[in-house]
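Notes follow the structure.
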Amino acid sequence: MNVKTSLVPDPASPLVAAFQRARSQNMSLPDLMQSAETLTGAGLLAQAIDLYKTWIAFNEDNPFRHMACFNYAVALRQAGDVVGAIHALQACLKLEPAFGPAYINLGRAFEDSGQIDQAVRQWLAFAETTKEITPEKLGHRLMSLQHTGRVLENAGRLEEAEAVLWQAIELQPMKPEAAQHWLSIRQHQCKWPIMTPSTHVTARQLVDAQSPLTLGCYADDPVFQLARAYRYNNTLVGRPDTSGVPRKPARSKSGSGKRLRIGYVSSDLRQHAVGFALSEVLELHDKKSVEVFAYYCGDPAPNDATQARIKAAVDCWRDIAAISDVDAATLISSDEIDILVDVNGYTKHARTAIFAYRPAPVIVNFCGYPGSMASPYHQYLITDDYIIPPENEIYYTEKVLRIACGQPVDRKREIAPRPTRAEAGLPEDAFVYACFNGMQKITEACFARWLAILAATPGSVLWLLGENDIASRNLRQKAQQAGVAPERIIFAPKIPNPRHLARIALADLFLDTFPYGAHSTGADAITMGLPVLTVPGKSFPARFCASIVSAAGIGELICATPEEYVQRAIMLAGDRKALAALRERLAQSRETCALRDMPGLARRLEELFWHMQGEAERGETPVPDLVNLDVYYEIGAELVQEIPEFESEDAYRRRYAERLARWNDFSPLPADTRLWPA
């Protein structure tokens, strides 16, 4: 890139003087950086780039020339010249091979250019040079390892990512970022036990690093999940300065004939489980009652049929992915939204900080996240009375409002023609158990139950959704160790959604996972006439599938214990008549069951939105109860590895109450509305 600088002819011009000083070796590096920063701030980025280039050319013997090259590269990146920046960074490293920031930025430049292997080489090269650590080098080494792990994880190179991230964890075990990804990667690979402490990393440090979703797959512990969400929110969002977005009171709309303005915020309004779930609901909203705004914060989705359909259904579509949290909050506030619905929770690409600005009088947690947000600003949670029965409301900080079933579905989903079993890679005459949940939901205890079922039903097979070769290998090895032929575990390749829906019906019985059960996958199975066997727990993700099964009208497939779950799975394999009767009931009630009553769901949501509006107008909007959650977190972090996989509600609560009593004996606790009433 050749930048021509138009110099002012006046020899007294500060710009001319700066270039003269750069050429004559009379400008120090700090002066250079200050001059370039001033030019950039004045909108003269091209001149700043040219000043760096001039200084580098005429100051060959300056010991800080590598730093000038580095800042030159930064300026080139600002100008969009990635190739020029790569050249400048390579020059920097030739001058100073141990300069860590250059490796970091050079790796990022290669990554942005699609050259993942070159990016990884840069970061690992620096990691190798930083064996003799100083505090500054420690930070750069950690960043190199984290970037490497992130890129390898996104590229599907999970074992490499796991190994690199473990180096980062051992380097700084108190920092949770690397461990959070490491734990998730191990879950996705079905590597058990998930947590493996070392001399340098304690079990408690790994517990503290779990994201709320990772914890949901790890243990059925609703108190700790609540407390973890609270801590996670404090770390993720904290207390931003919200003064720039003034709070607006609820507008008087009840009984006025005016429409409520409802805003849905989500990164998943596209071909995604959430996008599929909400498409028809958004189409069915009564536009005489509500005006619907969609705020999309996900990746670009060109030519996405689901997103196109959602855009057509809503009154206003806004893409907020590229703007800041405060700007997004300001936009939502200016749109005069009455009810703002968080459809992400703590999931990928979530923009939780937007809600901290309280850009609408009412904020709702619905559909995208299986649990409490445990934030000061999420006031309501919409779900059903199976997922959260009244006695379990203590595990949530939001006020719970209920619909018939917590899983919306799209009755218009495209379904391809049904393939044959041979076309799907299945044996024609075998009894086919299936589970299409993500690999991260399969725990060691869950898989052991499945192997016990296979061992008791000769000739049956287990059909799972193939996610990665490592998980497939690990599960087949576990099967072989348990005396089950590994070829009886069959992995379905990923295919377009219409074809996947069509093949679901080839199975005989869907086996749910625990403690994080099926959500949309369970609804898809029932939609295709496949009975779903489940055993519920105490937490939101552990009860979700049972809610779907109940709403479909086949509640007898909800088991009370894991032992009953195994026995029922074995019994149904031997009683094809009973299984056929279940399928017939599913077929007969398919369009009339609560699971698929989308018009009813849309009307109920509108009733709830107006109920919230009424409470807001009367000054009765609930305030989230966050009392003692730090204490519950500390107790939960101790208990999470002690609590049995399945435990009765009474025993579970007693376990926490005993620890709370001990804590109170040492340091008196204020009363709360959960497990410490006095």
Could you tell me which of the residues PHE355, PHE293 is at pLDDT 95 or above, within 30 Å of PHE540 (Cα to Cα) and part of a strand (DSSP E or B)?
-> PHE293
Those residues of region 26-56 that are within 19 Å of CYS92 (Cα to Cα), in contact (Cβ under 8 Å) with a residue 12 or more places away in the chain and open to solvent by 40 Å² or more (accessible area, probe 1.4 Å) come to a total of 2
Based on what the data block shows, is GLU111 part of a helix (DSSP H, G or I), in contact with a helix residue (DSSP H, G or I) (Cβ under 9 Å, 6 or more places away or on another chain), open to solvent by less than 70 Å² (accessible area, probe 1.4 Å) and closer than 29 Å to ASN468 by Cα?
-> yes
Out of the residues in region 274-313 that are touching a Lys or Arg at 6+ places or on another chain (Cβ under 7 Å) and among the polar types (S, T, N, Q), state the one that is nearest to ASP335 (Cα to Cα).
-> SER289
State all residues of region 383-412 that are among the β-branched types (Val, Ile, Thr) and farther than 18 Å from CYS545 by Cβ; if no residue qualifies, say none.
-> ILE394, THR397, VAL400
Go through ALA578, ALA542 for me and flag whichever is open to solvent by less than 10 Å² (accessible area, probe 1.4 Å), among the small types (Gly, Ala, Ser) and more than 16 Å from LEU454 (Cα to Cα).
-> ALA542
Matching residues, region 122-153, being assigned to a loop (DSSP other than H, G, I, E, B) and farther than 13 Å from PRO97 by Cα | LYS131, GLU132, ILE133, THR134
Residue identified as part of a strand (DSSP E or B), within 25 Å of THR214 (Cβ to Cβ) and either in contact with a strand residue (DSSP E or B) (Cβ under 9 Å, 6 or more places away or on another chain) or among the acidic types (Asp, Glu) (or both) among LEU475, LEU464, LEU451 | LEU464
In region 159-218, which helices (runs of 4 or more DSSP H) lie fully inside it and hold 2 or more residues that are of a type in the set (A, V, I, L, M) and under 15 Å from the mean Cα position of the chain (by Cα)?
-> 176-188, 212-218
What about ILE489, is it over 24 Å from PRO408 (Cβ atoms) and either open to solvent by less than 10 Å² (accessible area, probe 1.4 Å) or without any contact (Cβ under 8 Å) to a residue 60 or more places away in the chain (or both)?
-> yes
Test result for ARG543, of a type in the set (Lys, Arg) and in contact with a Gly (Cβ under 7 Å, 6 or more places away or on another chain) = yes
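So that you can scan it fast, the table gives a plain yes or no per residue for (1) surrounded by fewer than 17 Cβ atoms within 10 Å (Cβ to Cβ); (2) in contact with a His (Cβ under 9 Å, 6 or more places away or on another chain):
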{"residue": "ARG239", "(1), (2)": "yes, no"}
{"residue": "ILE262", "(1), (2)": "no, yes"}
{"residue": "SER267", "(1), (2)": "no, yes"}
{"residue": "VAL274", "(1), (2)": "no, no"}
{"residue": "SER279", "(1), (2)": "no, no"}
{"residue": "ASP286", "(1), (2)": "yes, no"}
Name every residue in region 433-448 that is farther than 18 Å from PHE510 by Cβ and either acidic (Asp, Glu) or not in a helix (DSSP H, G or I) (or both), in order of residue number.
-> GLU444
Please state which one of PRO417, PRO427 is assigned to a loop (DSSP other than H, G, I, E, B), open to solvent by 20 Å² or more (accessible area, probe 1.4 Å), in contact (Cβ under 8 Å) with a residue 12 or more places away in the chain and over 29 Å from GLN189 (Cα atoms).
-> PRO417
Can you confirm whether region 602-614 contains a residue that is over 27 Å from the mean Cα position of the chain (by Cα) and aromatic (Phe, Trp, Tyr)?
-> yes
Got a sec? Which of CYS69, CYS92 is more than 23 Å from VAL151 (Cβ to Cβ) and modelled with pLDDT of 95 or more?
-> CYS69
Give me the pairs: first residue in region 139-165 and open to solvent by less than 50 Å² (accessible area, probe 1.4 Å) and among the charged types (D, E, K, R), second residue assigned to a helix (DSSP H, G or I) and at pLDDT below 95, beta-carbon distance under 6 Å, and six or more apart or on different chains, which are they?
-> ARG141/ALA127
Residues of region 1-28 that turn out to be at pLDDT 55 or above, assigned to a loop (DSSP other than H, G, I, E, B) and not aliphatic (A, V, I, L, M), as a count = 5
If you check TYR386, TYR377, TYR346, which single one turns out to be assigned to a loop (DSSP other than H, G, I, E, B), aromatic (Phe, Trp, Tyr) and either open to solvent by 20 Å² or more (accessible area, probe 1.4 Å) or modelled with pLDDT under 95 (or both)?
-> TYR386
With THR134, THR130 as the choices, which residue is open to solvent by 20 Å² or more (accessible area, probe 1.4 Å) and among the hydroxyl-bearing types (Ser, Thr, Tyr)?
-> THR134
Among the residues of region 444-466, how many are under 13 Å from CYS190 (Cβ atoms), open to solvent by 30 Å² or more (accessible area, probe 1.4 Å) and of a type in the set (Gly, Ala, Ser)?
-> 2
Filter result (part of a loop (DSSP other than H, G, I, E, B) and small (Gly, Ala, Ser)) within region 296-309 = GLY298, ALA301
Does region 61-68 contain any residue that is in contact with a helix residue (DSSP H, G or I) (Cβ under 9 Å, 6 or more places away or on another chain), part of a helix (DSSP H, G or I) and under 26 Å from ALA161 (Cα atoms)?
-> no
Select from region 346-370 the residues that are at positive phi and either touching a Pro at 6+ places or on another chain (Cβ under 8 Å) or hydroxyl-bearing (Ser, Thr, Tyr) (or both) and list them in ascending order.
-> CYS367
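The values are calculated or read from the model by the stated rules, or taken from the named source; none is laboratory data. Quick caveat, the model's predicted, so the values are computed rather than measured. For neighbour counting, all protein chains shown are included, and Cβ atoms are generated from backbone atoms with ideal geometry for every residue, glycine included. Please note that ligands, DNA and RNA were not included when accessible areas were found on the heavy atoms of the full protein model with its side chains. Shrake-Rupley method; radii C 1.70, N 1.55, O 1.52, S 1.80 Å.
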